[in-house]
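The values are calculated or read from the model by the stated rules, or taken from the named source; none is laboratory data. Being a predicted model, the structure only gives us computed values, none of them experimental. Here the Cβ positions follow ideal geometry from the backbone for every residue, glycine too, while neighbour counts run over all protein chains shown. Note: areas computed on protein heavy atoms with side chains; ligands, DNA, RNA excluded. Shrake-Rupley method; radii C 1.70, N 1.55, O 1.52, S 1.80 Å.
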Amino acid sequence: MSRTDLGMPAFPQAAERATGDQRLRGNLRHATHTIRAKRAAAVAELDDWQRLRAAGAAVKNRTLRHLDHYLLQAEAAVTEAGGTVHWAADAAEANRIVAGLVKRTGEREVVKVKSMATQETGLNAALEAEGIRAYETDLAELIVQLGHDRPSHILVPAIHRNRGEIRDIFRREMASWGRPAPEALSDDPAELAEAARLHLREKFLRAKVGISGANFLVAETGTLVVLESEGNGRMCLTLPDTLISVVGIEKIVPTWRDLEVFLQLLPRSSTAERMNPYTTTWTGTTDGDGPRDFHLVLLDNGRSDALADTVGRQALRCIRCSACLNVCPVYERAGGHAYGSAYPGPIGAILTPQLRGVTDPLDASLPYASSLCGACYEVCPVAIDIPEVLVHLRERVVEGGQVTRHGARVTIKPAKGHAAERAAMRAARWTLDHPRALRAGERLASRTRRLHPARLRVLPGPARAWSGSRDLPAVPPEPFRDWWARHRATTGGQG
């Protein structure tokens, strides 16, 4: 994965700064609660939602088990339909392929559909280094780009901005990127949308190269599918002469019948709509209709390594709906930037460490960016057990061990800063395996109860971090075992 966020602090430090920003927290709280409520209402309309959810998970699992077969099938279908398929092992290779294809056209400007894959690879910066300017056309992505900012949400990248901030960005920046904002622009949503529409229209009419991702790739026909709500995506996908689509290898679905399941799951889970406003599909090239030259870049970038992990691979089922972000208490307070990745929130906390590894302090901290409340699992439309994967990755961070990196099995060392945790867990394991030692420890704690500080609030040493946000329970007057034995004796064993 591209290290576009290289140098960011670990999640706890980044989150601490973010939670101190009252305006950010207000923006996040308002937006996530609104989306959450609308999604719940849309999902409640379907009596078979849980069956749909199970079907989506089953389709994804079957696809991942036979991913090699479906990828080759898709490559053959795209090629037969007039497209060209490129394989990219990592972000750098994907960026080189795309930059080379753009330079081959002689163009120095491209329009882009909102794409998580190209955010992941850092494509815009790579194109800029080659003298190519990429224009984001999704409204929220446009706001982020004009504001020299980074996305903070999968569905609503500018969720951390309010209307007043957006108005100021448009007034200040639009002129340097093309058509300026109207002089009397207010923060009225309709006026902001109209300013963006007029600004982007000249880009659509002039652009000769479009770049997209895809929500799905249907293997049986080589058809790509993009779901969006504004219509800008369809302009990018149909008007340019050349279209380049960067798609993660996990976006495959075997058949159109399988696609039908996800066309029900995704809109309700993401935008709380019964049906997506703009669903664009294209298969290769067609004379006189759409781009004359189509290129598909299939991106691995750590996905094969994640696939080798029998617990963690379920993260590859993700359809990027963002429902988990909108219910997560950690995301609501910390925002997306603290995750240091194109993928924020609960899904980012399990996907990023698998794609990038856990050797960097930021990536090693992400599995801990969760309260393990389980709300993310409850709303996931493809039933990814995010808490299970978080615990699995925490074990990897603390214990190290065998993992797959770049297709080879390697042994990683435990992350730094967890020696005390490992020692405590090993001591606990030994104690729990020896009942006599456990019983002796419990009795010792009870009998020395009067010696314990009356108002101890913070534990000493490495345990300070644990007690910093938790109330320490008082030691009970006697161990449960002793109480139970006495209780049984006085009741005659009747419970």
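A few notes on this one:
- Candidate set: segment 209-221, residues that are over 18 Å from Ile97 (Cβ atoms) and in a loop (DSSP other than H, G, I, E, B); chosen: the one most open to solvent (accessible area, probe 1.4 Å): Glu220
- Looking only at residues of segment 132-186 that are more than 27 Å from the chain's Cα centre (by Cα) and among the aromatic types (Phe, Trp, Tyr), we find that the one that is nearest to Arg25 (Cα to Cα) is Phe170.
- Restricting segment 343-381 to residues that are open to solvent by less than 10 Å² (accessible area, probe 1.4 Å) and among the polar types (S, T, N, Q), the residue that is nearest to Ala306 (Cα to Cα): Gln354
- Meets criteria (closer than 30 Å to Gly56 by Cβ and part of a helix (DSSP H, G or I)) for Arg234: yes
- Count of segment 352-374 residues which are outside any helix (DSSP H, G or I) and not aliphatic (A, V, I, L, M): 7
- Residues in segment 197-207 that are crowded, with 18+ Cβ neighbours inside 10 Å and either more than 14 Å from Gly233 (Cα to Cα) or not hydrophobic (A, V, I, L, M, F, W, C) (or both): His199, Lys203.
- Odd one out for Ser269 among (1) crowded, with 23+ Cβ neighbours inside 10 Å; (2) modelled with pLDDT under 95; (3) among the polar types (S, T, N, Q): (2)
- Any pair with Cβ under 7 angstrom, 6 or more apart, that starts in segment 15-34 at a residue that is in contact (Cβ under 8 Å) with a residue 40 or more places away in the chain and closer than 11 Å to His160 by Cβ and ends at one that is surrounded by 15 or more Cβ atoms within 10 Å (Cβ to Cβ) and of a type in the set (Ser, Thr, Tyr): Arg25/Thr19
- Residue within segment 245-256 that is touching a Gly at 6+ places or on another chain (Cβ under 9 Å), surrounded by fewer than 18 Cβ atoms within 10 Å (Cβ to Cβ) and closer than 27 Å to Asp90 by Cα present: no
A quick yes/no check of all residues on (1) farther than 18 Å from Asp258 by Cβ; (2) part of a helix (DSSP H, G or I):
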{"site": "Ala31", "(1), (2)": "yes, yes"}
{"site": "Lys38", "(1), (2)": "yes, yes"}
{"site": "Ala42", "(1), (2)": "yes, yes"}
{"site": "Ala58", "(1), (2)": "no, yes"}
{"site": "Leu64", "(1), (2)": "no, yes"}
{"site": "Gln73", "(1), (2)": "no, yes"}
{"site": "Ala77", "(1), (2)": "no, yes"}
{"site": "Gly82", "(1), (2)": "yes, no"}
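- Residues located in segment 290-312, provided they are more than 18 Å from Asp90 (Cα to Cα) and touching a residue at least 12 places away in the same chain (Cβ under 8 Å): Gly290, Pro291, Arg292, Asp293, Phe294, Asp309, Val311, Gly312
- Residue ID - least open to solvent (accessible area, probe 1.4 Å), chosen from residues in segment 66-121 that are touching a residue at least 60 places away in the same chain (Cβ under 8 Å) and among the acidic types (Asp, Glu): Glu120
- Some residue of segment 90-110 being among the aliphatic types (A, V, I, L, M), within 12 Å of Ile132 (Cβ to Cβ) and not in a helix (DSSP H, G or I): yes
- In segment 13-65, the residues that are open to solvent by 60 Å² or more (accessible area, probe 1.4 Å) and touching a Gly at 6+ places or on another chain (Cβ under 9 Å): Asp21, Arg25
- Tally, over segment 118-176, of residues that are under 23 Å from Leu351 (Cα atoms), in a loop (DSSP other than H, G, I, E, B) and of a type in the set (A, V, I, L, M): 5
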